[in-house]
Amino acid sequence: MDLHRRPHDGDAAVPLRRHKSPPSSPKASDALPLPLYLTNAVFFTLFFSVAYFLLHRWRDKIRSSTPLHVVTFSELAAILSLIASFIYLLGFFGIDFVQSFISRSSNDAVWEDHINHAVHQQIPILPPPEPLISSISTEEDEEIVNSVVEGKTPSYSLESRLGDCRRAAAIRREALQRMTGRSLQSLPLEGFDYESILGQCCEMPVGYVQIPVGVAGPLLLDGFEYTVPMATTEGCLVASTNRGCKAIYASGGASSVILKDGMSRAPVVRFSTAKRAAQLKFFLEDPLNFDTLALVFNRSSRFATLQRIQCTMAGKNLYMRFTCSTGDAMGMNMVSKGVQNVLDFLQNDFPDMDIIGISGNFCSDKKPAAVNWIEGRGKSVVCEAIIKEEVVEKVLKTNVAALVELNMLKNLVGSAVAGALGGYNAHASNIVSAIFIATGQDPAQNVESSHCITMMEAVNDGRDLHISVTMPSIEVGTVGGGTQLASQSACLNLLGVKGSSKDSPGSNSRLLATIVAGSVLAGELSLMSAIAAGQLVKSHMKYNRSSKNVCQM
């Protein structure tokens, strides 16, 4: 997609957000009978002409010993013309200062009247744009910027035309500023490897966004300690998760188990009749045909292994949900290639099959769906821990009975009353999103990856707390996509899951999924304790509110 110009003030699409600039104040030059350039030419000519005439006359008088105070009519007219032109030229050179001072004062008054009018009319007021600061330093780049602004050069083609991704981003950024009239000065440009995202992470870059990364831990999970990186702009989140990690550590750690590991893709095909669609359904579900279909599917990658095919019909439309293992990759592209291989193979025996789309939303990707909640997608993980009574009281500042009751009424009954789909938890998506961004996962897959049910139960004669999180669709990978970027790769390295496992393909991504679940367990434990103890608002006022004086800043 190319850059587009901003719509003009009269566009009906944004009638409430666009405001015309206050009318410019009249200038002193507007009162002249002739255009300013003609008036200037006349007075410049007059000044130098009469000055030459008078100097020539006074030289003749000195030679002839004629008194200088004796003047003729022509000399008197010349003197008056000289004075008049001098006064005009003096005003001409001083008019810029005077006019700018008057214009600035009048514009401030007009803008104030404009704002007052907008307030009375209840029209939203946008702040005046920041001054545009150009980062273009060469004439060649300036020409390219103008070409992009004029629409002669597509913005998306800059990388291929210039062969320099950093330079392309700077030129695109400058063109965007000029076309929108809005400054991007506060958006960082330097310090990023734009070559690393070419063709795989982000198109048409103009900079990058800085997100702080905090660490929680150590998280004691399955006998190993992990320091968990979390990229977030929300106060209290890292601190709360860290407190949960402390409680888990003091109680002997948490344990996890992976129930399933398989990514899914579900194409939709159409036939002329429902009977014909059912014939393909029976063919795909016949165990005798699975080995052949798996052989065709697995050609897409040496890590792809077809696990199962689920079919459902809607009239004469057939939805086929393919699930396969994908090694250490999250696997969306891998499974899509395998599905395409199978569709091409099926076309031979079912030539009347009309392939509507490679994805028919029965997968289901980046959308809350019951099929993921029930069947799972990606990694299905259960993580549990037993928190000792003294830890609940000393670290979490509450008691076991209060936590169990709150979990039942909030996470279970409250979510059921709300009609939640996979949302039987306190804030699983908070932790999932923070770890996803830090480790280069697809943030949009937070939707189904945050499906979680949190369970709490009093054990050991009611003294200790058993807490567990069940997350059926954690979609993560340690290779591909954003995981290869420098910052995200460093966070994966911190966890010890960077790249692909050579000894056991898929073990790194499965370990990352268990770390996500363990971190969610810690986050759930801490937040629920804060709510049970009535500390939620107090902690947010302490950690999530800046004490800086913004006016002084």
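The values are calculated or read from the model by the stated rules, or taken from the named source; none is laboratory data. Quick caveat, the model's predicted, so the values are computed rather than measured. Neighbour counts are summed over all protein chains in view; Cβ atoms, including those assigned to glycine, are modelled from backbone coordinates with ideal geometry. What goes into the accessible areas is simple: the full protein's heavy atoms, side chains included, and nothing from ligands, DNA or RNA. Shrake-Rupley method; radii C 1.70, N 1.55, O 1.52, S 1.80 Å.
Of the residues making up region 230-243, those that are under 30 Å from residue 364 (Cβ atoms) and either without any contact (Cβ under 8 Å) to a residue 12 or more places away in the chain or of a type outside the set (D, E, K, R) (or both) are 230, 231, 232, 233, 237, 241. The single residue among 259, 288 that is of a type in the set (A, V, I, L, M) and either open to solvent by less than 60 Å² (accessible area, probe 1.4 Å) or more than 21 Å from residue 380 (Cβ to Cβ) (or both) turns out to be 288. Residues in region 416-436 that are open to solvent by less than 10 Å² (accessible area, probe 1.4 Å) and touching a Pro at 6+ places or on another chain (Cβ under 6 Å): 436 only. Residues of region 334-351 that are out of contact with any Leu (no Cβ under 9 Å at 6 or more places or on another chain) and open to solvent by 70 Å² or more (accessible area, probe 1.4 Å): 337, 340, 344, 348, 351. Of all residues in region 343-362, those that are of a type in the set (Asp, Glu) have Cβ atoms under 7 Å from Cβ atoms of residues that are open to solvent by less than 50 Å² (accessible area, probe 1.4 Å) and assigned to a strand (DSSP E or B), 6 or more apart or on another chain, in 354/269. If the condition is being of a type outside the set (Ser, Thr, Tyr) and open to solvent by less than 60 Å² (accessible area, probe 1.4 Å), then region 356-374 contributes 357, 360, 362, 363, 365, 369, 370, 371, 372.
Among the candidates 413, 459, the residue that is surrounded by fewer than 20 Cβ atoms within 10 Å (Cβ to Cβ), among the β-branched types (Val, Ile, Thr), free of Cβ contacts under 8 Å to residues at least 12 places away in the same chain and more than 19 Å from residue 514 (Cβ to Cβ) is uniquely 413. Taking residues in region 287-316 that are under 19 Å from residue 329 (Cα atoms) and without any contact (Cβ under 8 Å) to a residue 60 or more places away in the chain, and partners anywhere that are in a strand (DSSP E or B) and open to solvent by 50 Å² or more (accessible area, probe 1.4 Å), the pairs with Cβ atoms closer than 7 Å and at least 6 places apart or on different chains are 298/305.
Open to solvent by 10 Å² or more (accessible area, probe 1.4 Å) and not in a helix (DSSP H, G or I): is that true of residue 312 in this structure? Against the criterion (open to solvent by 10 Å² or more (accessible area, probe 1.4 Å) and not in a helix (DSSP H, G or I)), residue 312 qualifies.
Flag: residue 312 does not match the condition of being among the hydroxyl-bearing types (Ser, Thr, Tyr), outside the structural domain of residue 507 (by the TED database) and either over 13 Å from residue 266 (Cα atoms) or modelled with pLDDT under 95 (or both).
Does any residue of region 228-245 turn out to be open to solvent by less than 20 Å² (accessible area, probe 1.4 Å), within 28 Å of the chain's Cα centre (by Cα) and modelled with pLDDT under 95? Yes: region 228-245 contains one or more residues that are open to solvent by less than 20 Å² (accessible area, probe 1.4 Å), within 28 Å of the chain's Cα centre (by Cα) and modelled with pLDDT under 95.
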